[in-house]
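Participant: Just dropping this structure here.
The values are calculated or read from the model by the stated rules, or taken from the named source; none is laboratory data. The shown structure was predicted, so the numbers you read here are calculated from the model rather than taken from an experiment. Every residue, glycine among them, receives a Cβ derived from its backbone with ideal geometry; neighbour counts consider all protein chains shown. To get the accessible areas, we keep the full protein, side chains included, count just its heavy atoms, and leave off ligands, DNA and RNA. Shrake-Rupley method; radii C 1.70, N 1.55, O 1.52, S 1.80 Å.
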Amino acid sequence: AGLTTEEDLDESVGQSMKKRLPWLLVLLCLGLGVSTVAGMFEKVMKQLTLIVFFQSVVLGMSGNSGTQSLAVTIRVLMDEELTGKERLKMVWKEARVGFCDGLLGLVSFVCIGIYIMLAKAKPALYAFSVSGCVGTALMVAMTISSLVGTVVPIVLHKIHIDPAVASGPLISTVSDLVAVVTYYGLSWLLLLNIIGLTG
């Protein structure tokens, strides 16, 4: 949340706001950046409105994956004796874990495809084209978010910024950006340009 361990009940409202507000302003700017990027895919949303329904799935899972890697990395970084080789090993491991977690995209491919066929009465090609895009975006976004969730705290620790304070808000926003670009980029490329799906 961008907070410090010193914050407690004895602080005044002004002192608490002084600590929190800078992070919130930074995140507001970054959030507007994510919204701007999403707005670049307005054409995709207009031509294929159904994909908007599943945006929260991709964003949520991407953020969760990055947060898990962040928690593991911060815990490991408490060991000041950690070597550069061990850090690289951790980055490689978390990237693989993120990819394996991203295989949940296969589950979403099947479940969302069936849901679209039954609940939205769409043909199988349409339904599984959309669910395939969701599943692929999940795999890519979760892998990248896990990587980011590991690399960012390592870099911040290296430049003497407390990763426990700064990493969380930054990784949440970066994960959203990765998810938005991946999901709508794939929708634009695969569904509109290659398959020619609309409606």
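Participant: First check a/c for the range 22-135, with a ≥ b ≥ c the square roots of the eigenvalues of its C-alpha gyration tensor; if it is under 1.5, answer rounded, and if not, answer prolate when a/b is larger than b/c or oblate otherwise.
Facilitator: On the way: a/c = 3.44, a/b = 1.64, b/c = 2.10.
Oblate, since a/c reaches 1.5 and b/c is not below a/b.
Participant: At a 1.4 Å probe radius, carbon and sulfur cover how many percent of the accessible area of the range 73-130? Intermediate values should be presented prior to the final figure.
Facilitator: Values: 2720 of 3860 Å².
That fraction is 71 percent.
Participant: Which helices, taking whole DSSP H runs in the chain, have alpha carbons extending 18 angstrom or more along the helix axis plus mean Kyte-Doolittle at least 0.0? List each step's numbers first, then the result.
Facilitator: On the way: long enough: 13-39 (36 Å, 1.01); 55-77 (33 Å, 0.68); 84-102 (27 Å, -0.64); 104-119 (22 Å, 2.46); 124-158 (50 Å, 1.53); 163-186 (33 Å, 1.18).
Helices meeting the span and hydropathy rule in the chain are 13-39, 55-77, 104-119, 124-158, 163-186.
Participant: Let's test this: bin the Cα-Cα distances of the chain at 5 Å from zero up to the farthest pair and state each bin's percent.
Facilitator: 1, 8, 14, 16, 15, 14, 11, 8, 6, 4, 2, 0, 0
Participant: Here is a further query. Given the rule -39500 (n - 2.57) for each run of at least 4 DSSP H residues, summed and divided by the residues of the chain, what is its mean residue ellipticity at 222 nm, to the nearest 500 deg cm²/dmol?
Facilitator: Details: 7 runs with 150 residues, N = 199.
Calculated at 222 nm, the ellipticity per residue is -26000 deg cm²/dmol.
Participant: Right, here's the next one. In debye, nearest 20, what is the charge dipole magnitude of the chain about its Cα centre with +1 on Lys and Arg Cβ and -1 on Asp and Glu Cβ, if you could check?
Facilitator: Details: 14 positive and 14 negative charges, 186 e Å.
That gives the chain a dipole magnitude of about 900 debye.
Participant: Could I ask something else about it? With every protein chain present, what is the per residue accessible area of the range 14-149 (1.4 Å probe, Å²)? Walk me through the numbers on the way to the answer.
Facilitator: Values: 7770 Å² over 136 residues.
Value for the range 14-149: 57 Å² per residue.
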